[in-house]
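Trainee: Got a structure for you, questions after.
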Amino acid sequence: MIFKIESLSLKAKIRVLERDKLEADLSNMMELIHEIQFVGTSNESVYSYKTSEYRDDDPVNIIQDENFDPFLNASHVEDNMFEVEGVIESD
Amino acid sequence: MIKPTHLQLHEIKKILADGQISPLTLLNEIYQEIDEHQNLNNYVTLTKNLAFQQAEISYERIKKGNARPLEGIPIGVKDLYLVKGELATSCSEVLRDFVAPFESHITKNLWEKSGAICIGKLNMDEFAMGSSNRTSCFGPSINPWSIKNGKELVPGGSSGGSASAVAAGTCFAALGSDTGGSVRQPASFCGVVGFKPSYGRCSRRGMIAYASSFDQAGILTRSVQDAAIMMDQMIGNDPLDATSAKMPKPNLENANISMHGKVVGYPANWMTIIDESVVNAWKKALNIFADLGAKIEPIELLNFDSYLSVYYLLTTAEAASNLARYTGICYGNKTKEDIGSAYNKTFELFGEEVKRRIFTGLHDLSSENYNLEYNLGLQTRSYIKRQFTDLFNKIDLIVYPSSPREAFALDNVFQNPAESYHEDVFTVLANLIGSPAISVPIGYGKTGLPLGIHLMSEPFSEELLISAAKEVEAKADFIDFLRSYHDK
Amino acid sequence: MTNKKWQMVIGLEVHAQVSTKSKLFSRGSTEYGQEPNTCTDYLDLGLPGALPVLNQACIRKAVMTGHALHMTLNQKSSFDRKHYFYPDLPLGYQITQFYEPIAQNGYLPIWVNNEIKNVQINRIHLETDAGKSIHKNGKTYIDLNRCGVPLMEIVTEPDMHGPEEAATFLRVLQATLKSIGSCDGNMEKGQLRADLNISLHKPGEKFGTRVEVKNINSANFLKKAIMYEYERQSSILDSGGIIQQETRLFNEKETIYMRTKEDSEDYRYMPDPDLPPLVLNEEELICKSDVRLPYNVCKEIARLGIKLEEAWIVAENQTLSDIFFEAGKGLNNEEKLILFKWLIGDVLSFINKNDGVEIDLVHLRNLILLLSQEKISGKVAKDLLIEFIETKQDPYYIVKEKGLEQISDINEITKIVSDIMQNYDKEIAEYKNGKDNLKQFFIGKILAATQGKLNPRLTQEVLENYLHIDK
């Protein structure tokens, strides 16, 4: 099995240090995963129970009501905004 | 006399309610136990301030005679539950300094409605990915049964710290979570009860996700009755979890459904490929049911790898997606190393196993593979679900071992990832089909370490499952760790 | 502007903010203009353990929109994760409906050269908006108030062929969404934004390569962007070049290169495992708005013999079209025509000058009846309009009280006209010597002397006769 490791690495934004090992591990995992072809398929829903699908359109200010601090774990905050490390080009 | 900390949850519940021991005294004793068992590396955070505040309230309530169902009972919490104001790390470097800004639905109810006491956060595999608790950024949790052969053993995983702490008597119950067996397999390794209810029974809100459509809260205790008492307080619909079930709550504490005439199925084709000592324990369980008047029937299931393949395909993809949020902007640690702008400094901190699963998930989800991989996974899961819906029309209970083996040595090395994934062979099935399942200690393996028997029933039939588990427990001649080594 | 050589094909992807108080999947407020990061819920920050739950109002409004756009509503739809990394997307994915959208296959009636055209719509899906990146002092800051705000993406087929047509589509869509209350349509607040897909081909040949232009937030900018792209692409094609499949950005003047297809990301769409499929019950499926839809109003007014484009002035204005239908009750087509002309004239300018004014529509109808029965002149009617609104009195009453009734008796008019004209012998003589423009002078004098009470048509007739006889 050939993996596009470079492409996966960029997609994931995760650096790959031991390319060969990762390649071997992924091959090994995919070998197991490919057993799936021999099972069978169906299109039925896996939800066999009634779920909590909706919520009413009621805004909640959790900063007031639940004493929430959005910046509790943020490393850089300025003027109530999260600062991003490095300059990000506009999308 | 048995130490109060070594009692079972239902026993201490009575003693607390009767005022024979103050919640504050008990809490002090628990922290002393924890201190004495530091070598097990079970607690990654102690929440002493919170615990003593809660214990004060419990003390007052018991005195005034309005005790709540779990008033004053010290509980350990797997470190993927958010307890507001406390660290919640999922045992990952990424979240090592993460302070929970809100409280999980389950723990909120346990503290506020049920009166339980939060003593600390328990070790686990990083983001719940692992079966031996060795992927934790805090180092492995150790199985107390290591005493037996003088060799350090894993407690199983991913709720390894939870199982080990319960077995060692450093809490009366521990919250775990179960995505593919993360409560049941460590329960089996540590000789305790591990119970996962049906998918949708407990709210997942405030639990750090691994694979959303598989994750379910679970509980580890020293008896089935304790698990039932705890789960009665944990189950309930949460309108803020869209997958939470709107179903009537069961009454597990009083569950007492007769096994007489029930049909117990066992996958006969699995019996030939596992170790003899494990097969013997399995047969013992089947005999218990036969003696109770149940009808024992062989059933045919697919080979292990069929279920494992679907499980690993879908969970790695969900994990890759769920972990995309650790971008390091609103929260999360970053590496100090300069790794270049193409890579994320927070993702860099994921452990090897987590990265491996993210890569696998990305591979399955990428557009060129979607239909051959991920979508096929969804359809195959649906097929398996269908098969079991049919099966449960004929069979009440499916019984087989919780794990193919006893706890293994901490230094045991897996040859490759797939070999380690085979730790989950028996447990992933319940998560694939959303069934409730429980591991109950049934006996010992060839090196004298605990073995659990795994019971599974159709979704939302917890009362039947717990009734069956109570029966097995009563007839299994198993002596737990505390009674084997401390309270003989 | 377009030459015959290249024909253009246009498709639009319109992002309309669903008008709700809270976000699509989180309880955060959607209120505009709040302090940064104060309208955030746990999910909007992408916190671990945060879960999405669907806002019911979004479903209702999407279904209503689907019906208004003649679409097939899907009983079962589902939500998918679209993955990409950007700082203003804390979850690392947007929640959208890729595989199974809530509505498919419909159309919106618009007009092209006074002909009705049904622009085909491919799908509507619900999705979350991203947050806002603010760039200053060489740094980037993130405000997540917008993150998770509900959007309906309305995707047309490549079914439009010119800038006017596309702009009309956007205007009709905007008015339609506003009328049913599914989107407030305020483009300044970013509540309606469009991405443009445009390609050029020679007549009779297959479609050319499509270019996507992002970030267009008004009908005028849409026209500009289309014209700019047309010029850009046709000049490339004319010089023998080929069009790259690429994404461009519109900066209100020109479109600029953003990325090519090859750079485009693999979004790794997957059904969101936190959200069970959305299955609508019968009641939810038939949820329709009972308001008059602007395009129907437009068609109805046009049947009076008015151009669609002109009819749209009333149709797109909720107040005017309400007035048109209420005041128009019981009126015949001729009377409705008068009503329409008054609406886009004096009534509209009065409303524009007097915000929130209440107009008694029975009184307005009576004014139209007085006009159509020629009981008052247009000049009287202009003053009467203001007077009956301000005094809240019935125009019939005012006309009677003040004796404003128009004189339509030919004999009486003849007498009045000859009385007045006696004072202008000199001018009459000049007129007869060929100074034709003095006719307007006479009419002015007659109108002034009678406060506009004479039937203008008859007065004109009588004056002609008067001048003619003596000639």
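The values are calculated or read from the model by the stated rules, or taken from the named source; none is laboratory data. Model, not experiment: these values are computed from the prediction. In this analysis, Cβ positions are derived from the backbone assuming ideal geometry, glycine residues included, and neighbour counts consider all displayed protein chains.
Trainee: Within segment B:440-467, how many residues turn out to be in contact with a Pro (Cβ under 9 Å, 6 or more places away or on another chain), surrounded by 22 or more Cβ atoms within 10 Å (Cβ to Cβ) and of a type in the set (Gly, Ala, Ser)?
Mentor: 2
Trainee: Just give me the residues in segment C:426-460 being small (Gly, Ala, Ser) and touching a residue at least 60 places away in the same chain (Cβ under 8 Å), in sequence order. Step through it out loud before you land on a result.
Mentor: Let us first name the residues in segment C:426-460 that are small (Gly, Ala, Ser), namely C:429, C:434, C:444, C:448-449, C:452.
If the condition is that a residue be small (Gly, Ala, Ser) and touching a residue at least 60 places away in the same chain (Cβ under 8 Å), then C:Gly452 is the only one that fits.
Trainee: Right, next: Please specify each residue of segment C:423-452 satisfying the condition of being of a type outside the set (A, V, I, L, M) and under 27 Å from C:Ile376 (Cβ atoms).
Mentor: Restricting attention to segment C:423-452, the residues satisfying the condition of being of a type outside the set (A, V, I, L, M) are C:423-427, C:430-437, C:439-442, C:444-445, C:450-452.
Those that are of a type outside the set (A, V, I, L, M) and under 27 Å from C:Ile376 (Cβ atoms): C:Asn423, C:Tyr424, C:Lys439, C:Gln440, C:Phe441, C:Phe442, C:Gly444, C:Lys445, C:Thr450, C:Gln451, C:Gly452.
Trainee: What's the number of the condition A:Val60 fails, among (1) touching a Gly at 6+ places or on another chain (Cβ under 9 Å); (2) facing chain B (nearest Cβ under 9 Å)?
Mentor: Exception for A:Val60: condition (2).
Trainee: Let me ask something else. Kindly check whether there is at least one residue in segment C:70-80 that is closer than 18 Å to C:Gly11 by Cβ and modelled with pLDDT of 95 or more. Walk me through how you get there before you give the answer.
Mentor: Keep residues of segment C:70-80 that are closer than 18 Å to C:Gly11 by Cβ, which gives C:70-71.
Checking the rest, the ones that are also modelled with pLDDT of 95 or more come to C:70-71.
Among the residues of segment C:70-80, at least one is closer than 18 Å to C:Gly11 by Cβ and modelled with pLDDT of 95 or more, which makes the answer yes.
Trainee: What's the number of the only condition in (1) assigned to a helix (DSSP H, G or I); (2) aliphatic (A, V, I, L, M); (3) closer than 30 Å to C:Asn332 by Cβ; (4) out of contact with any Leu (no Cβ under 7 Å at 6 or more places or on another chain) that C:Val399 fails to meet?
Mentor: Every condition holds for C:Val399 apart from (4).
Trainee: Which one is nearest to B:Tyr331 (Cα to Cα) among residues in segment A:48-57 that are within 7 Å of chain B (Cβ to nearest Cβ) and not in a loop (DSSP other than H, G, I, E, B)? Talk me through it step by step, then tell me what you get.
Mentor: If we filter segment A:48-57 for residues that are within 7 Å of chain B (Cβ to nearest Cβ), which is where we start, we get A:48-53, A:55.
Pick out the ones that are also not in a loop (DSSP other than H, G, I, E, B) and you get A:51, A:55.
Details: A:Thr51: 31, A:Arg55: 27 Å.
Of everything passing the filter in segment A:48-57, A:Arg55 is nearest to B:Tyr331 (Cα to Cα).
Trainee: All but one of (1) touching a Ser or Thr at 6+ places or on another chain (Cβ under 8 Å); (2) assigned by TED's automatic domain parsing to the domain that holds C:Leu343; (3) modelled with pLDDT of 85 or more hold for C:Val417; which doesn't?
Mentor: Condition not satisfied by C:Val417: (2).
Trainee: To continue, here is another question. Select, from A:Ser9, A:Ser75, A:Ser45, the only residue that is of a type in the set (Ser, Thr, Tyr), under 28 Å from B:Tyr331 (Cα atoms), more than 7 Å from chain B (Cβ to nearest Cβ) and not in a helix (DSSP H, G or I).
Mentor: After applying the criteria, what remains is A:Ser75.
Trainee: Here is a list of conditions, (1) out of contact with any strand residue (DSSP E or B) (no Cβ under 7 Å at 6 or more places or on another chain); (2) under 23 Å from B:Glu86 (Cβ atoms); (3) within 14 Å of chain C (Cβ to nearest Cβ), and B:Gly160 meets all of them except one; can you say which number that is?
Mentor: So the condition that B:Gly160 fails would be (3).
Trainee: Turning to a different aspect of this structure: With the condition being closer than 19 Å to B:Ser457 by Cβ and away from every other protein chain (no Cβ under 14 Å), I'd like the helices (runs of 4 or more DSSP H) fully within segment B:239-325 carrying at least 1 qualifying residues.
Mentor: Values: elements: B:268-271, B:276-291, B:304-322.
Filter on segment B:239-325 gives B:268-271, B:276-291.
Trainee: On the basis of being touching a Phe, Trp or Tyr at 6+ places or on another chain (Cβ under 9 Å), crowded, with 24+ Cβ neighbours inside 10 Å and either away from chain C (no Cβ under 14 Å) or part of a loop (DSSP other than H, G, I, E, B) (or both), does B:Met230 make the cut? Spell out how you get there, then give the answer.
Mentor: Numbers: touching a Phe, Trp or Tyr at 6+ places or on another chain (Cβ under 9 Å): yes; crowded, with 24+ Cβ neighbours inside 10 Å: yes; either away from chain C (no Cβ under 14 Å) or part of a loop (DSSP other than H, G, I, E, B) (or both): yes.
Yes: the conditions hold for B:Met230.
Trainee: Are any residues in segment B:176-197 touching a helix residue (DSSP H, G or I) at 6+ places or on another chain (Cβ under 7 Å) and over 16 Å from B:Met129 (Cβ atoms), and if so, which ones?
Mentor: Here is the first cut: in segment B:176-197, the residues touching a helix residue (DSSP H, G or I) at 6+ places or on another chain (Cβ under 7 Å) are B:176-182, B:185-187, B:189-197.
Residues satisfying the conditions are B:Ala187, B:Phe189, B:Cys190, B:Gly191, B:Val192, B:Val193, B:Gly194, B:Phe195, B:Lys196, B:Pro197.
Trainee: Quick one: in segment A:32-62, which of the residues that are among the β-branched types (Val, Ile, Thr) and surrounded by 17 or more Cβ atoms within 10 Å (Cβ to Cβ) is nearest to B:Glu458 (Cα to Cα)?
Mentor: Here is the first cut: in segment A:32-62, the ones among the β-branched types (Val, Ile, Thr) are A:33, A:36, A:39, A:41, A:46, A:51, A:60, A:62.
When the remaining residues are screened for being surrounded by 17 or more Cβ atoms within 10 Å (Cβ to Cβ), the result is A:33, A:36, A:39, A:41, A:46, A:51, A:62.
Working: A:Ile33: 26, A:Ile36: 23, A:Val39: 21, A:Thr41: 20, A:Val46: 13, A:Thr51: 18, A:Ile62: 38 Å.
Among those residues, the one meeting the criterion is A:Val46.
Trainee: Here is a further query. Would you pick out the residues in segment C:247-284 that are more than 30 Å from B:Thr243 (Cα to Cα), under 30 Å from the mean Cα position of the chain (by Cα) and crowded, with 16+ Cβ neighbours inside 10 Å?
Mentor: C:Thr247, C:Arg248, C:Leu249, C:Phe250, C:Thr255
Trainee: Return a yes/no flag: does segment C:137-155 have any residue that is surrounded by fewer than 21 Cβ atoms within 10 Å (Cβ to Cβ), more than 14 Å from every other protein chain (Cβ to nearest Cβ) and either part of a strand (DSSP E or B) or modelled with pLDDT of 95 or more (or both).
Mentor: Among the residues of segment C:137-155, at least one is surrounded by fewer than 21 Cβ atoms within 10 Å (Cβ to Cβ), more than 14 Å from every other protein chain (Cβ to nearest Cβ) and either part of a strand (DSSP E or B) or modelled with pLDDT of 95 or more (or both), which makes the answer yes.
Trainee: Which one is surrounded by the fewest Cβ atoms within 10 Å (Cβ to Cβ), of the residues in segment C:320-377 that are of a type in the set (Val, Ile, Thr) and farther than 18 Å from C:Pro294 by Cα? Walk me through it before giving the result.
Mentor: Going through segment C:320-377, the residues of a type in the set (Val, Ile, Thr) turn out to be C:323, C:338, C:344, C:347, C:351, C:357, C:359, C:362, C:368, C:376.
Within this subset, residues satisfying the condition of being farther than 18 Å from C:Pro294 by Cα are C:338, C:347, C:351, C:357, C:359, C:362, C:368, C:376.
Values: C:Ile338: 18, C:Val347: 24, C:Ile351: 18, C:Val357: 11, C:Ile359: 19, C:Val362: 13, C:Ile368: 24, C:Ile376: 25.
Within segment C:320-377, the match that is surrounded by the fewest Cβ atoms within 10 Å (Cβ to Cβ) is C:Val357.
Trainee: In segment A:12-42, what residues are touching a helix residue (DSSP H, G or I) at 6+ places or on another chain (Cβ under 7 Å) and assigned to a loop (DSSP other than H, G, I, E, B)?
Mentor: Correct list: A:Lys13, A:Ile14, A:Arg15, A:Val16, A:Val39, A:Gly40, A:Thr41, A:Ser42.
Results for (1) of a type outside the set (A, V, I, L, M, F, W, C); (2) buried (at least 18 other Cβ atoms within 10 Å of the Cβ); (3) not in a strand (DSSP E or B), shown as yes or no for each residue.
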{"residue": "C:Arg193", "(1), (2), (3)": "yes, yes, no"}
{"residue": "C:Pro203", "(1), (2), (3)": "yes, no, yes"}
{"residue": "C:Gly208", "(1), (2), (3)": "yes, yes, yes"}
{"residue": "C:Val213", "(1), (2), (3)": "no, yes, no"}
{"residue": "C:Leu222", "(1), (2), (3)": "no, yes, yes"}
{"residue": "C:Ile226", "(1), (2), (3)": "no, yes, yes"}
{"residue": "C:Tyr230", "(1), (2), (3)": "yes, yes, yes"}
{"residue": "C:Gln233", "(1), (2), (3)": "yes, yes, yes"}
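Trainee: Considering (1) within 9 Å of chain B (Cβ to nearest Cβ); (2) without any contact (Cβ under 8 Å) to a residue 24 or more places away in the chain, say which one C:Glu31 fails and leave the rest.
Mentor: Just one mismatch for C:Glu31, condition (1).
Trainee: Looking only at segment B:341-388, which residues are small (Gly, Ala, Ser), more than 26 Å from the chain's Cα centre (by Cα) and facing chain A (nearest Cβ under 8 Å)?
Mentor: Those that are small (Gly, Ala, Ser), more than 26 Å from the chain's Cα centre (by Cα) and facing chain A (nearest Cβ under 8 Å): B:Ser341, B:Ala342, B:Ser366.
Trainee: Moving on to the next point. All but one of (1) surrounded by 18 or more Cβ atoms within 10 Å (Cβ to Cβ); (2) in contact with a helix residue (DSSP H, G or I) (Cβ under 7 Å, 6 or more places away or on another chain); (3) on the phi < 0 side of the Ramachandran plot hold for B:Gly72; which doesn't?
Mentor: Every condition holds for B:Gly72 apart from (3).
Trainee: Then there's this: Among the residues of segment C:364-394, write down those that are of a type in the set (Val, Ile, Thr) and more than 21 Å from C:Asp322 (Cα to Cα). First the steps, then the outcome.
Mentor: Of the residues in segment C:364-394, the ones of a type in the set (Val, Ile, Thr) are C:368, C:376, C:380, C:386, C:389, C:391.
Within segment C:364-394, C:Ile376, C:Val380, C:Thr391 qualify.
Trainee: Is it the case, given these coordinates, that B:Thr272 is farther than 30 Å from A:Glu83 by Cβ and without any contact (Cβ under 8 Å) to a residue 60 or more places away in the chain?
Mentor: On the way: farther than 30 Å from A:Glu83 by Cβ: yes; without any contact (Cβ under 8 Å) to a residue 60 or more places away in the chain: yes.
Spelling it out, B:Thr272 is indeed farther than 30 Å from A:Glu83 by Cβ and without any contact (Cβ under 8 Å) to a residue 60 or more places away in the chain.
Trainee: Let me ask something else about it. Specify which of the listed residues (A:Phe68, A:Phe3) is within 24 Å of B:Ile358 (Cα to Cα), surrounded by 16 or more Cβ atoms within 10 Å (Cβ to Cβ), among the hydrophobic types (A, V, I, L, M, F, W, C) and within 7 Å of another protein chain (Cβ to nearest Cβ). Walk me through how you get there before you give the answer.
Mentor: Details: A:Phe68 fails: within 24 Å of B:Ile358 (Cα to Cα).
Selected residue: A:Phe3, the only one of A:Phe68, A:Phe3 that is within 24 Å of B:Ile358 (Cα to Cα), surrounded by 16 or more Cβ atoms within 10 Å (Cβ to Cβ), among the hydrophobic types (A, V, I, L, M, F, W, C) and within 7 Å of another protein chain (Cβ to nearest Cβ).
Trainee: If you don't mind, another one. Given the residues C:Ala327, C:Ala381, which is the only one that is under 30 Å from C:Cys298 (Cα atoms) and at pLDDT below 90?
Mentor: Working: C:Ala327 fails: at pLDDT below 90.
One residue alone meets the criteria, C:Ala381.
Trainee: Still on this structure: Select from segment C:65-96 the residues that are over 18 Å from C:Asp272 (Cβ atoms) and among the β-branched types (Val, Ile, Thr) and write down the one among them that is farthest from the other protein chains (Cβ to nearest Cβ). Full working, then the answer.
Mentor: Let us first name the residues in segment C:65-96 that are over 18 Å from C:Asp272 (Cβ atoms), namely C:65-73, C:75, C:86-88.
If we keep only those that are among the β-branched types (Val, Ile, Thr) as well, we get C:65, C:72.
Numbers: C:Thr65: 16, C:Thr72: 20 Å.
The extreme case among them is C:Thr72.
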